[in-house]
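The values are calculated or read from the model by the stated rules, or taken from the named source; none is laboratory data. This structure is a prediction, so every number in the text was calculated from the model and none was measured. With ideal geometry, Cβ positions are generated from the backbone for all residues, glycine too; neighbour counts draw on all protein chains shown.
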Amino acid sequence: MAGFAARILCLAALALGAATPQASAEPALTGAGARGPVTNLPLPRFVSMRAETANARRGPSLNHRVDWTFVRPGMPLEVTAEYGNWRRVRDADGAGGWVHHTLLSGVRTVLVRAEAPTAMHAGANTGAAIRAFVEPGAVARLEACEGAWCRVSADGIEGWAPRELFWGVGAGETLD
């Protein structure tokens, strides 16, 4: 009977998540200059969704409940923590959770956060010719950033727009 009781306690501990402690899933540093303990890449950093769908879990394992499912390939996500093969991510609205690293890509994309269609210019200034207009909510590939402007491409069209219109690139980040 004692063996049976021990198995019940063991199963109860597994059901409550005692086998994967949450505290160890947090990075030691989260401020400026922090590096991921697994990849040694900066935290936070931006990535994009590689997969068609990705389950965002409450913790870094398949045993944790799915809180959210991302369904937009190419969408920019911010990695805020690492634990083994898992990355804690969030989207532009702050929704997120732990996602397996194979569902993510290092390809940089941005989400257009403008309130209305936004001009994409031929150069990094408002005086440059307008190449196209990009719709709010569109996802574009991030090509480069210089000062207050970023060059993006979508559907074969490339142009420059003010950095403040995009989510998925840091305020002082330079890309070339």
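Computed values, structure above
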| read-out | value |
| --- | --- |
| Any chance V139 is within 14 Å of the chain's Cα centre (by Cα), buried (at least 18 other Cβ atoms within 10 Å of the Cβ) and outside the structural domain of R57 (by TED's automatic domain parsing) | yes |
| Some residue of region 148-164 being hydroxyl-bearing (S, T, Y) and buried (at least 16 other Cβ atoms within 10 Å of the Cβ) | no |
| Which numbered condition V169 misses (of (1) closer than 20 Å to P42 by Cβ; (2) in contact with a Ser or Thr (Cβ under 7 Å, 6 or more places away or on another chain); (3) in contact (Cβ under 8 Å) with a residue 60 or more places away in the chain; (4) not hydroxyl-bearing (S, T, Y)) | (2) |
| Residues within region 55-77 that are in contact (Cβ under 8 Å) with a residue 40 or more places away in the chain and charged (D, E, K, R), tallied | 3 |
| Filter pass, A92 being of a type in the set (G, A, S), surrounded by 16 or more Cβ atoms within 10 Å (Cβ to Cβ), touching a residue at least 12 places away in the same chain (Cβ under 8 Å) and not assigned by TED's automatic domain parsing to the domain that holds V38 | no |
| Single condition P42 does not satisfy, out of (1) farther than 20 Å from L142 by Cα; (2) under 15 Å from the mean Cα position of the chain (by Cα); (3) modelled with pLDDT under 95 | (1) |
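Results for (1) within 29 Å of L165 (Cβ to Cβ); (2) at pLDDT 95 or above; (3) not in a loop (DSSP other than H, G, I, E, B), shown as yes or no for each residue.
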position: A12; (1), (2), (3): no, no, yes
position: G17; (1), (2), (3): no, no, no
position: P21; (1), (2), (3): no, no, no
position: N55; (1), (2), (3): no, yes, yes
position: V79; (1), (2), (3): yes, yes, yes
position: T102; (1), (2), (3): no, yes, yes
position: L111; (1), (2), (3): yes, yes, yes
position: A119; (1), (2), (3): yes, yes, yes
